[in-house]
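Working notes, beginning with the structure itself.
The values are calculated or read from the model by the stated rules, or taken from the named source; none is laboratory data. None of the values given here were measured: they were computed from a predicted structure. Heads up, the Cβs are rebuilt from the backbone with ideal geometry, glycines too, and the neighbour counts pull from every protein chain shown. Each accessible area value is taken on the protein alone, full model and side chains, heavy atoms only, with ligands, DNA and RNA left out. Shrake-Rupley method; radii C 1.70, N 1.55, O 1.52, S 1.80 Å.
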Amino acid sequence: MSKISALSFLLTLALGLTTSVASGRPDSHAPIGVMGDHTHLRGEWMASYRYMTMSMGPNYSGSSSLTPSDVHAGFPVSPIGMDMGMQMVGLMYAPSDQVTLMGMLNHTEISMDHIVRNGRTFTTRTSGIGDTGLGALWSIQKTDSHQVHLNLGITLPTGDLDVRDATPMGPNSLLPYAMRLGSGTYDLKPGITWTFLGEGWSAGAQGIATVRLNDNKYNYTLGDRVDLTAWVSYSIHPSVSISARVSYADWQNIDGADTRLNPMMVPTARTDLRSGSETTAHLGLNWEIPTGTFEGHRLAVEYGSVIERSLTGPQLGTDDVITMVWQWAF
Ligand SMILES: [Cu+2]
């Protein structure tokens with residue numbers, strides 16, 4: 001290759017990358033199930049509303065599914081399935097090009113179906129404000145095509161631990177760990193995110209740990225957790241991108257115990273039947289509204305299905321997760 005053609009090749013490449021990054025791109029944000037994936041420029045704000053549903057069931061031990069009668073061999077009550085719906089409002093603000101601040105409030109609804117040895121079924125429900133998230137994204141490398149930033153997050157214990165509902169044990173029974181709206185502890189969430197913007201496609205990866213900093217007021221601590229994910233997105237239209245993503249989560253057992261619960265009754269009251277790992281495959285769609293009244297608005301959806309799991313059981317396994325988000329940058 002001659003010097004001139006090498007130079008013009010580099011110039012075209014540089015221009016191509018600059019244009020692709022400078023213009024609004026639907027895939028400049030990760031698939032919507034990834035949080036803390038993008039930073040903002042100095043002075044920018046972004047508001048978001050997120051709705052996430054998760055359905056769980058059946059029970060597993062290791063990677064094998066269990067029937068309720070398998071669970072009844074060890075416990076009078078077996079959970080059958082659980083549904084969770086979470087609404088979250090978030091705000092992002094960048095005081096500088098290097099630092100983006102984030103705040104998140106959520107409202108969570110949980111319902112769990114159970115079957116007793118005698119065949120009777122019952123459902124417990126809880127809802128309310130969950131743990132509040134605060135965070136900062138610290139950009140440590142930024143070029144036209146690559147960005148690496150640190151995720152520095154903390155959650156505040158605003159979610160209720162004293163959740164109660166009617167069970168065969170009584171009309172106002174204390175509900176076990178999985179039905180509770182928060183961890184009760186200050187949780188540190190350190191992580192790192194890498195994103196790449198190519199010509200017509202993008203990719204990224206993120207790792208986040210959840211480290212519980214103290215014992216909660218009922219003398220237990222939820223297990224620490226690691227979340228890893230990687231994705232690719234393709235632009236199928238100037239304002240629409242589709243994505244494929246894989247995520248892996250690994251979490252530990254509960255340390256200590258809420259002694260008000262009876263661990264003989266139901267597996268969800270056992271602190272040593274909590275740990276596990278799951279791998280989930282996700283498909284997503286991002287739509288960035290390019291012009292007009294709703295310029296700067298984005299709508300995105302992602303569906304994830306668990307493809308591999310290993311749970312200390314009996315424990316309910318996650319089946320699928322749906323995330324829908326509206327974002328407005330201003
Ligand atoms: Cu944002």
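Residues considered: 251, 231. Of these, the only one that is over 22 Å from residue 316 (Cβ atoms) and touching a Lys or Arg at 6+ places or on another chain (Cβ under 6 Å) is 231.
In the set 115, 129, which member is touching a helix residue (DSSP H, G or I) at 6+ places or on another chain (Cβ under 9 Å) and either open to solvent by less than 60 Å² (accessible area, probe 1.4 Å) or not basic (Lys, Arg) (or both)? 115 is the lone residue from the list that is touching a helix residue (DSSP H, G or I) at 6+ places or on another chain (Cβ under 9 Å) and either open to solvent by less than 60 Å² (accessible area, probe 1.4 Å) or not basic (Lys, Arg) (or both). For region 121-161, the set of residues classified as at pLDDT below 95 and assigned to a loop (DSSP other than H, G, I, E, B) consists of 143, 144, 145, listed by residue number.
Checking each residue of region 268-291 against the condition of being touching a helix residue (DSSP H, G or I) at 6+ places or on another chain (Cβ under 6 Å), at pLDDT 95 or above and part of a loop (DSSP other than H, G, I, E, B) gives at least one match. Determine whether region 303-323 contains at least one residue that is within 16 Å of the ligand (Cβ to nearest atom) and either modelled with pLDDT of 95 or more or touching an Asp or Glu at 6+ places or on another chain (Cβ under 6 Å) (or both). Among the residues of region 303-323, at least one is within 16 Å of the ligand (Cβ to nearest atom) and either modelled with pLDDT of 95 or more or touching an Asp or Glu at 6+ places or on another chain (Cβ under 6 Å) (or both), which makes the answer yes. Those strands (runs of 3 or more DSSP E) of region 193-264 in which 3 or more residues are within 24 Å of residue 299 (Cβ to Cβ), more than 20 Å from the chain's Cα centre (by Cα) and without any contact (Cβ under 8 Å) to a residue 40 or more places away in the chain are absent. Output the residue which, of all residues in region 20-40 that are within 15 Å of the ligand (Cβ to nearest atom) and more than 19 Å from residue 194 (Cβ to Cβ), is modelled with the lowest pLDDT. Per the criteria, the residue is 24. Those residues that are hydrophobic (A, V, I, L, M, F, W, C) and open to solvent by 60 Å² or more (accessible area, probe 1.4 Å), I need them from region 169-222; list them, please. Residues satisfying the conditions are 169, 188, 192, 194, 201, 213.
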